[in-house]
Amino acid sequence: MAYTLLGKRLPKPDATGRVTGRVLYADDVTLPGVLVGKILGSPVAHGRIRRLDTRKAQSLPGVHAVVTAQDAPPTRYGGIIRDKCIFAADRVRYHGDPIAAVAAENADIAEEALQLIEVEIEPLPVLIDPKEAAESALLIHPEWETYTAIPNLGRQGNITSTGRVQWGDVARGFAQADYVFEDRFEVAMAHQMYIEPRASMARVEPDGRITVWTSTQGIFPLRDHLALIFGLPATKVRVVPTEIGGGFGGKIAPVTEPVAILLAQKTGRPVKVTYTRHEDFLSTTPRRPAIIELKTGVMRDGTLVARQARAYFGNGAYHIATGYNFGEGTVGRLTGPYRIPHVDLFSCTVYTNQPPCGAYRAPGSPQVLFAVESQMDMIARRLGLDPLEIRKKNALRPGDQTAIGDVANAADLVELLDRLAAEANWHAPKAPHRGRGLAVGFWASRGMPGSNVLKMNPDGTVTITTGSVDLSGTHSTLQQIAAEELGLSMEQVGIVTGDTDTAPVAPLSAGSNIVRSMGWTVRAAAEQLRQLILEITAAQLEANVDDLEIRDGWVYVKGSPDRGLHFRDVYKTAIATKGGPAHGRRFDAHAGDHFAVRAAGGRGRSRPGDGRSAGGGAHRGAGCRLCPQPPVGGRADGGRRHPGPGLRAGRADGL
């Protein structure tokens with residue numbers, strides 16, 4: 001199908017404001033009388049708080065409030081497990097765990113006040129290795145059984161969620177295999193390194209109503225968390241999203257917002273809490289570290305016949321950033337995108353004395369795929385096989401048994417590999433000191449439900465009202481979809497991100513979800529609006545709806561360009577006959593699976609780490625690219641420049 005706007009490279013409507021610095025981010029937002037909030041984090045990774053004295057800080061001129069666990073609601077909050085309070089009360093569980101906070105006239109006074117808070121902590125043993133923590137009798141949360149949690153997580157001690165997948169007979173598969181290879185892989189924690197650190201500002205009205213301006217990937221989940229923490233109905237909490245300076249999954253959980261609210265309640269003035277980069281590193285939600293053990297049975301020709309896998313993900317000290325069973329969500333990926341007739345797979349998350357972990361570009365997949373793809377290369381080398389051919393031989397095909405969902409509608413992985421081989425000149429001889437490699441990735445995007453509203457304006461333009469946050473340029477794509485459906489230009493379609501009081505409900509801007517889910521709802525709402533425009537025009541022109549067409553903001557009778565109605569006249573008619581402007585709305589969700597493959601070449605040097613990339617190629621089963629530049633092009637390029645830990649922070653024994 002030929003499109004006028006979709007699939008075209010168009011200027012981003014908000015590009016000028018961004019590059020000229022006119023866009024307001026969370027730390028740019030201010031109110032009269034706003035105070036500066038600062039948080040005191042634990043100086044140790046694990047310990048008991050023996051003494052906490054804030055009197056000197058409270059008496060410092062310019063300090064308006066000092067708050068600790070005694071001033072905060074006792075409510076525990078979190079994702080799948082409610083295990084976190086605003087402040088640590090008797091035990092700290094990671095370096096940076098909030099102990100107290102101050103509100104002062106300026107940042108210098110706030111910093112000085114933090115230095116005056118006296119705290120004594122009795123150190124406790126520290127657990128960092130997730131496998132060691134899973135097997136340890138030392139409990140990071142001794143009271144874990146009292147926490148509220150979603151059912152069927154398989155919790156036990158430090159283990160917080162589990163998943164298991166089994167089919168076939170693994171023992172028989174290993175017996176049949178010509179070779180059985182066992183390898184262990186370690187993946188380090190990684191911070192998302194978004195440009196804008198976490199920041200939020202809170203104001204509390206005399207009636208207790210809370211308003212928060214913040215940099216977040218999801219206003220509605222955040223509102224619900226804050227309402228739970230402070231024991232308020234959702235109508236008493238308003239979250240206003242600011243422009244977001246990057247997230248990559250790292251701006252989902254409440255971090256600075258609860259402290260800003262508590263300080264605003266205590267002082268009666270608005271309070272802003274903005275992290276420094278150091279604070280952001282210590283106390284936000286980075287990607288989970290992991291230890292992954294793979295035992296794989298394989299035939300001489302490279303056919304995979306059996307796999308036993310164990311994955312241990314370090315979750316950090318609290319579960320504030322995960323809304324689903326992470327162990328269950330990652331376990332099926334341990335097969336990789338390959339056919340294996342006999343499997344026994346186990347995956348779990350484990351409390352560790354580290355910052356609470358969260359999402360970072362496809363949660364869990366980079367860690368797993370680093371291990372799986374590294375072992376595929378190791379097996380190919382051990383058997384003297386081509387790494388490309390061993391992947392093609394074992395690639396998933398429609399109808400194969402998988403634990404990642406139905407791949408019937410996914411791209412043909414073998415075809416993608418063939419195209420990649422041709423583009424990267426895979427079979428060409430290599431020059432001296434040159435290397436070459438490839439890897440396969442996959443991701444299942446489970447669309448989250450959401451809604452959008454399209455409304456016609458008096459001048460005939462159309463405005464989209466959405467509650468989704470524009471994390472990666474998705475607003476431009478939503479505008480393109482609506483403009484394409486309504487026969488308008490990009491300039492004639494505006495988009496507004498509302499707050500939790502005014503916007504239709506929307507999901508997180510995460511998981512490659514917004515264009516898939518919210519794009520579908522925009523298209524459906526635009527179809528409704530288009531149909532209403534046609535019906536109103538048909539009545540005015542005494543024509544049949546099927547005889548009308550829309551072009552450039554006009555509705556014409558086909559073949560009669562002199563018989564038409566401008567959208568602004570449609571608006572007037574809708575006001576007079578429908579009791580309001582023409583509008584459309586839709587609530588929906590969509591999902592799917594897709595593959596990606598990449599090859600890279602490099603020039604080796606005499607010292608480790610002294611090599612250089614020499615290009616390569618990539619192919620993705622992305623379907624129709626609605627917007628070739630960001631978000632699609634930018635996210636694809638970001639996959640090269642913002643890679644998973646397999647490229648930057650992974651270690652494979654024997655690789």
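The values are calculated or read from the model by the stated rules, or taken from the named source; none is laboratory data. Note that the structure is a prediction, hence the values are computed from the model and not measured. Glycine gets a Cβ as well: all are built from the backbone with ideal geometry, and neighbour counts include every protein chain shown. Side chains included, ligands, DNA and RNA excluded: accessible areas come from the protein's heavy atoms. Shrake-Rupley method; radii C 1.70, N 1.55, O 1.52, S 1.80 Å.
Brief remarks follow.
- Residue ID - farthest from K295 (Cα to Cα), chosen from residues in the stretch 388-407 that are over 31 Å from the mean Cα position of the chain (by Cα) and not acidic (D, E): K393
- For the stretch 352-372, residues that are open to solvent by less than 10 Å² (accessible area, probe 1.4 Å) and more than 18 Å from D129 (Cα to Cα) total 2.
- Residues in the stretch 154-198 that are open to solvent by 30 Å² or more (accessible area, probe 1.4 Å), basic (K, R) and under 25 Å from S365 (Cβ atoms): R155, R164, R184.
- Scanning the stretch 548-575 for residues that are assigned to a strand (DSSP E or B), open to solvent by 20 Å² or more (accessible area, probe 1.4 Å), among the aliphatic types (A, V, I, L, M) and farther than 14 Å from G487 by Cβ yields a total of 0.
- Residue count for the stretch 480-534, restricted to those that are in contact with a helix residue (DSSP H, G or I) (Cβ under 9 Å, 6 or more places away or on another chain), in a helix (DSSP H, G or I), open to solvent by 20 Å² or more (accessible area, probe 1.4 Å) and of a type in the set (S, T, N, Q): 2
- Of all residues in the stretch 568-597, those that are at pLDDT 90 or above have Cβ atoms under 7 Å from Cβ atoms of residues that are open to solvent by less than 70 Å² (accessible area, probe 1.4 Å) and assigned to a helix (DSSP H, G or I), 6 or more apart or on another chain, in V570/I533; V570/I536; V570/T537; T573/I536; A574/I536.
- Any chance A57 is out of contact with any Asp or Glu (no Cβ under 8 Å at 6 or more places or on another chain) and touching a residue at least 60 places away in the same chain (Cβ under 8 Å): yes
- Residues in the stretch 36-76 that are surrounded by 13 or more Cβ atoms within 10 Å (Cβ to Cβ) and in a helix (DSSP H, G or I): K56, A57, Q58, A69, D71.
- Among the residues of the stretch 344-351, none qualifies, meaning not one is open to solvent by less than 10 Å² (accessible area, probe 1.4 Å), assigned to a helix (DSSP H, G or I) and touching a Leu at 6+ places or on another chain (Cβ under 6 Å).
- Of the residues making up the stretch 87-132, those that are open to solvent by 70 Å² or more (accessible area, probe 1.4 Å), within 17 Å of A45 (Cβ to Cβ) and acidic (D, E) are D90, E120, E132.
- With respect to the stated conditions, I261 fails to be β-branched (V, I, T) and under 23 Å from P366 (Cβ atoms).
- Residue in the stretch 28-39 that is under 23 Å from W213 (Cα atoms), hydroxyl-bearing (S, T, Y) and out of contact with any Asp or Glu (no Cβ under 7 Å at 6 or more places or on another chain) present: yes
- Residues in the stretch 133-153 that are among the small types (G, A, S) and surrounded by fewer than 18 Cβ atoms within 10 Å (Cβ to Cβ): S136, A137.
- Tabulated pairs, the stretch 340-352, first aliphatic (A, V, I, L, M), second part of a strand (DSSP E or B) and open to solvent by 10 Å² or more (accessible area, probe 1.4 Å), C-beta under 6 angstrom, 6+ apart or interchain: V343/W167; L345/V165; V350/I159; V350/Y312
- Checking G33, G96 one by one, the residue that is under 22 Å from H278 (Cα atoms) and either charged (D, E, K, R) or assigned to a loop (DSSP other than H, G, I, E, B) (or both) is G96 and no other.
- Residue that is in a loop (DSSP other than H, G, I, E, B), within 30 Å of G168 (Cβ to Cβ) and among the hydrophobic types (A, V, I, L, M, F, W, C), where the choices are A431, A439, A411, A444: A411
- Within the stretch 525-543, residues that are touching a residue at least 24 places away in the same chain (Cβ under 8 Å) and under 24 Å from T466 (Cα atoms) reach partners that are among the small types (G, A, S) and in a helix (DSSP H, G or I) with beta carbons closer than 9 Å, at six or more positions or on different chains, in the pairs A525/A482; A526/A482; A526/A483; L529/A482; L532/A574; I533/A574.
So that you can scan it fast, the table gives a plain yes or no per residue for (1) open to solvent by less than 10 Å² (accessible area, probe 1.4 Å); (2) at positive phi; (3) more than 16 Å from the chain's Cα centre (by Cα):
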{"site": "A234", "(1), (2), (3)": "no, no, yes"}
{"site": "G245", "(1), (2), (3)": "no, no, no"}
{"site": "K251", "(1), (2), (3)": "yes, no, no"}
{"site": "V259", "(1), (2), (3)": "yes, no, yes"}
{"site": "L263", "(1), (2), (3)": "yes, no, yes"}
{"site": "T267", "(1), (2), (3)": "no, no, yes"}
{"site": "V271", "(1), (2), (3)": "yes, no, yes"}
{"site": "T274", "(1), (2), (3)": "no, no, yes"}
{"site": "H278", "(1), (2), (3)": "no, no, yes"}
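- Applying the criterion of at least 3 residues that are aliphatic (A, V, I, L, M) to the helices (runs of 4 or more DSSP H) found wholly in the stretch 247-333 leaves 257-267.
- Applying a threshold of 8 Å to beta carbon distances and a minimum spacing of six or more residues, or different chains, the list of pairs starting in the stretch 8-29 at a residue that is farther than 27 Å from I481 by Cβ and open to solvent by 70 Å² or more (accessible area, probe 1.4 Å) and ending at one that is modelled with pLDDT of 90 or more and among the acidic types (D, E) reads D27/E196.
- Inter-residue pairs, beta-carbon under 7 Å, first in contact (Cβ under 8 Å) with a residue 60 or more places away in the chain and in the stretch 367-393, second surrounded by fewer than 19 Cβ atoms within 10 Å (Cβ to Cβ) and in a helix (DSSP H, G or I), 6+ apart: I390/A380
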